[in-house]
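Input: a single structure, listed below in structure tokens.
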Amino acid sequence: MGCIIRYTDKAMTEPELIREQQIPTRAPDLVVAADPNGKWPVRQISQRLAQWLGLGDLEVGDRDLRELLADVTPGLDHLAEEVARGAEPLRGISVNFLGDKGRKLLADVLAGGWSGEGWQQIFFYFRLPPTGLAKPYEPTSRYGLVGGSPGMQEVFRKIALYAATDASVVVTGETGSGKELVARALHEQSSRRDHPFVAVNCSAISSELLESELFGHEKGAFTGAVRSHKGRFERAHRGTIFLDEVGDMPEPAQVKLLRVLEEGLLERVGSEKPLLVDVRIIAATNVPLERAVQQGRFRADLYHRLAVLRIHLPALRQRVEDIPLLVEHFLTLFQRKYGRTIVRLTSEALSLLKAYLWPGNVRELRNVLERVFIENQSEVIGARAFREWVLERQDFSPGDWGPDRLNSEAASLALPYPLGNERVLLSRPDRLQLTASVTSPSGIPNRTTQPVNLDVATIRKAWQAAKGNLSAAARLLGVHRATLYRYLQKHGLSRQDLCG
């Protein structure tokens, strides 16, 4: 049953907790529950945080943190999970709130006590960054990864923290975001750096051969096995193995992988003699492993042993401020590769790249820049150099990605094309214009780059199409939910008014 989150200044901390973890004496700005099912229901939000983010009265009903505050890097659920696992409190983490009321805040995250209902509290305390002070130095390039955004700074922080351990790591992120670079960085910064780093793409090897490729086989184990074969785990002994697309691993291989994680033992196909291996495992996936566990495609016990630590790479469209840094980095690489000098892109060209959603992420950006670098003959690349690419991207304009599609099992973490409620690259090749005048089949315009002016009839139509779900209605209208709340207040609309 739904409820209204009440703004309150009443502290929920206990004196012992305040002394032990040095929690501020004021009330937390955000309180979430550490749900054992992997969800983070929001229990409390402060008035000042709501004002900072431009939020009105939020109608929730144990709404998940990832839904209520979705456009945030790093994800608040990832910070909550890190603290809930028993880690030290997080202090001064730079958090970037995107959307209509974009704002950067510093966050302290602490594990609280237990509520009367039996759920553990996770406390978030937000504060404004200091003004008039020199900003602490934050490198924009580490380990082959480039970015100065809060999301990438969080990735750098976790790499430095996790590299010193032997715990297994799951790296999540969309295709092309750089998951293997993170795995290599963890290896190069660890005590295993002088030993092998072995990468395996589990989806690129047939299920019949994957077990043999990972764990090896003995001569005569199957037809065609004319000699003994040392598997990837043996080759990675005392080093690191990177299992890309681990969610596609077949059941028999999952069983053997679990034994390696638990006991450090493996058996070659066709052998009964266990071999002892010392390997750190880093896995990557572009789809949620939790969903694969629910669908019975991935073992729950393996998931819990594998996902001890987690690093999430934000999509490029979530860190557009990094695009100029990436462009500069790639131009430098191409100058060395091709022996030519192209010093920069024009501001119009950069604006064009920033307006695109990059479904292929950093890999797609690199490929586009390399293509234009080869084709361009001057020292400066302008927007017109991307004209042919703009025409090609038109063919990939998305159809309707409404709430029903997003909530279906077919929707994955790595969407193949941009969402219909986000900006898309469309054709105006004569002017290289980026626009987003897409209209969904329901007749409700999707998000555009132009200011919105929502009338009562449009809001009511979206509300009814979304079956009374405010977040879904905002997606259909192509606006942030906070914008929709403001228009509801502006027009004096309630739920009863919208149902009429």
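Identify the residue in segment 207-237 that is closer than 18 Å to Asp248 by Cα and of a type in the set (Gly, Ala, Ser) and, among all such residues, is modelled with the highest pLDDT.
The selected residue is Ser212.
Can you tell me which residue is nearest to Glu188 (Cα to Cα) among those in segment 255-271 that are in a loop (DSSP other than H, G, I, E, B) and not hydroxyl-bearing (Ser, Thr, Tyr)?
Looking at the filtered set, the residue picked out is Gly264.
Can you pull out the residues in segment 346-387 that are surrounded by 15 or more Cβ atoms within 10 Å (Cβ to Cβ), among the aliphatic types (A, V, I, L, M) and part of a helix (DSSP H, G or I)?
Of everything in segment 346-387, those that are surrounded by 15 or more Cβ atoms within 10 Å (Cβ to Cβ), among the aliphatic types (A, V, I, L, M) and part of a helix (DSSP H, G or I) turn out to be Ala349, Leu350, Leu352, Leu353, Ala355, Val362, Leu365, Val368, Leu369, Val372, Ala383, Ala385.
One residue is enough: does segment 136-156 have a residue meeting the conditions surrounded by 16 or more Cβ atoms within 10 Å (Cβ to Cβ), at pLDDT 80 or above and aromatic (Phe, Trp, Tyr)?
Yes, segment 136-156 contains a residue that is surrounded by 16 or more Cβ atoms within 10 Å (Cβ to Cβ), at pLDDT 80 or above and aromatic (Phe, Trp, Tyr).
Can you tell me which of Asp301, Asp322 is more than 24 Å from Ala204 (Cα to Cα) and either in contact with a strand residue (DSSP E or B) (Cβ under 9 Å, 6 or more places away or on another chain) or open to solvent by less than 30 Å² (accessible area, probe 1.4 Å) (or both)?
Only one candidate passes the filter, namely Asp322.
Rundown of residues vs (1) touching a residue at least 40 places away in the same chain (Cβ under 8 Å); (2) polar (S, T, N, Q); (3) within 17 Å of His187 (Cβ to Cβ), yes/no style:
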residue	(1), (2), (3)
Phe233	yes, no, yes
Ala253	yes, no, no
Lys273	no, no, no
Ile281	yes, no, yes
Gln294	no, yes, no
Arg299	yes, no, no
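Which ones in segment 167-197 are aliphatic (A, V, I, L, M), open to solvent by 20 Å² or more (accessible area, probe 1.4 Å) and farther than 24 Å from Arg366 by Cβ?
Ala167 - this is the single residue of segment 167-197 that is aliphatic (A, V, I, L, M), open to solvent by 20 Å² or more (accessible area, probe 1.4 Å) and farther than 24 Å from Arg366 by Cβ.
The values are calculated or read from the model by the stated rules, or taken from the named source; none is laboratory data. Bear in mind that the values here come from a model prediction, so they are computed numbers and not experimental data. We place every Cβ from the backbone using ideal geometry, glycine too, and count neighbours over all the protein chains shown. Remember, those area values only see protein heavy atoms, side chains included, never the ligands or the DNA or RNA. Shrake-Rupley method; radii C 1.70, N 1.55, O 1.52, S 1.80 Å.
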